[in-house]
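Step one of this worksheet: look at the structure below.
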Amino acid sequence: MDTSIRRGSWEMVGAMLISGTIGWFVLVSGVPVIEVVFWRCVIGALTLLLVCWWLGYLRSTWLNGSTLGWAMLSGVAIVGNWLLLFASYAKASIAISTAVYNVQPFMLVLLAALFLGEKITVQKLAWLSVAFVGMLAIVTAHGEQQAGGAQYLWGVAQASGAALLYAVAALIIKRLKAVPPHLLALIQVSTGAVLLVPLVSWHSLSAPVDAWAVLLTLGVVHTGLMYVLLYGAIQKLPTALTGALSFIYPIAAILVDWMAYGHRLGWVQWLGVAAILLAAAGLQRGWWWRSNSILP
């Protein structure tokens, strides 16, 4: 294996494993979701500022007024995505929220069709249908370990909303290919920090030391380090390998939820999770049925 691809693969694996533990860190912090996201933005921005300075990205040549505006708008979507996803963990469980969140590729397909005029092929429609069936299986068959019915459905709705906002951000980012990704991430989290200031109640200032250790970890590791690993991997790996390794994230999240909280999915839920992940993989890798087999 090429050295660059090997290194990129390890970077991608590391980024996905870090992402898979986010839900646990959010819940054990004991801090309101808005403040978790705010401090993630602030600490993440400071970390990414150092990274961008080190890489020489803090130059005005990368940005103009229009580009900065679009980057900030993508930041609004990213932060909204975090708020909804983090809030869903306590209602629908980390495993279910993460599985539902992985419908984001299909949200992007639909948005691209609506706003960019991209064609929805029969192939995309078929995988979209598989993912939708998986979503129905998850929604209609929640086990005893989850919260009550209304809370559970609200958690699923929040995870779905988070996926939609992530797709919006991804659609905007398509316009910003000339901007270094680390600088783009810095603009996004900085925008989020500024937007959330009026909403923060500052209860976290009196939080215990262990809560602050969690918040620092979310900012430095789950934002700064994770972005560095993720973008480093994307630059080195073929798209197909990047897509394949990205499924480590939901698998890791499901395992963390099971080990930390004992949440075991029912068999119908497992079928739903499998359907969503299979559909996402099929969409990203271009799988299709030909001659009674799945071929690339």
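Throughout, read-outs are computed from the coordinates displayed, never taken from laboratory work. Quantities reported herein were computed from a predicted structural model and do not represent experimental measurements. Cβ placement follows ideal geometry from the backbone for every residue including glycine, while neighbour counts extend to all protein chains displayed.
Using the number of other C-beta atoms within 10 angstrom as an exposure proxy, rank Leu225, Leu125, Leu265 with the fewest first.
Numbers: Leu225 19, Leu125 11, Leu265 23.
Ordered by Cβ neighbours within 10 Å, fewest first: Leu125, Leu225, Leu265.
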Looking only at lysines whose Cα falls under 25 Å of Lys236's and that sit 8 or more positions away or on another chain, we get Lys174, Lys177
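State the percent of C-alpha pairs, over all pairs in the range 79-179, separated by a distance greater than 19 angstrom.
On the way: 2337 of 5050 pairs.
That tail contains 46 percent of the Cα-Cα pairs.
Okay, helix-only estimate at 222 nm for the chain: each DSSP H run of n ≥ 4 adds -39500 (n - 2.57), divide by all residues, round to 500 deg cm²/dmol; what do you get? The partial results should precede the final answer.
On the way: 14 runs with 219 residues, N = 296.
Calculated mean residue ellipticity at 222 nm is -24500 deg cm²/dmol.
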Under a Gaussian network model of the chain whose springs join Cα atoms within less than 10 Å, the largest fluctuation of Ser97, Ser88, Ser246 belongs to Ser246
hull vol. (C-alpha, convex hull) per residue for the range 165-255, Å³ -> 141
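Stretch Phe247-Arg59 to full length: gain in nm at 0.36 nm per residue minus the Cα-Cα span? Write down the numbers at each step before the final one.
Values: separation 188, 0.36 × 188 = 67.68 nm, distance 3.48 nm.
Roughly 64.2 nm would be gained on extension.
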Taking Ser206, Ser129 and counting other beta carbon atoms within 10 angstrom, the fewest-first order is Ser206, Ser129
Applied in sequence order to the range 258-273, the curve 6.51 cos²θ - 1.76 cosθ + 1.60 (Karplus, θ = phi - 60°) yields integer Hz couplings, x standing for Gly and Pro, of 5, 5, 7, 10, x, 6, 9, 6, x, 5, 5, 5, 4, 4, x, 4
Expected max-MSF residue from Val13, Val194, Val168 in the GNM of the chain (alpha carbon, under 10 Å) is Val194
For the chain, Rg(Cα) over 2.2 N^0.38 Å is 1.00
Most fluctuating of His263, His203, His222 in the GNM of the chain (C-alpha, under 10 Å) is His203
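Among Cys41, Cys52, which comes first, then next, by fewest other beta-carbon atoms within 10 Å?
Cys52, Cys41
Could you work out the relative contact order of the chain, using alpha carbon pairs under 8 angstrom and six or more residues apart, expressed as a whole percent?
Working: 406 pairs, mean separation 125.8, N = 296.
The value is 43 percent.
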Counting only residues 5 or more apart in sequence or on a different chain, those whose built amide H sits under 5 Å from that of Trp288 are Leu295
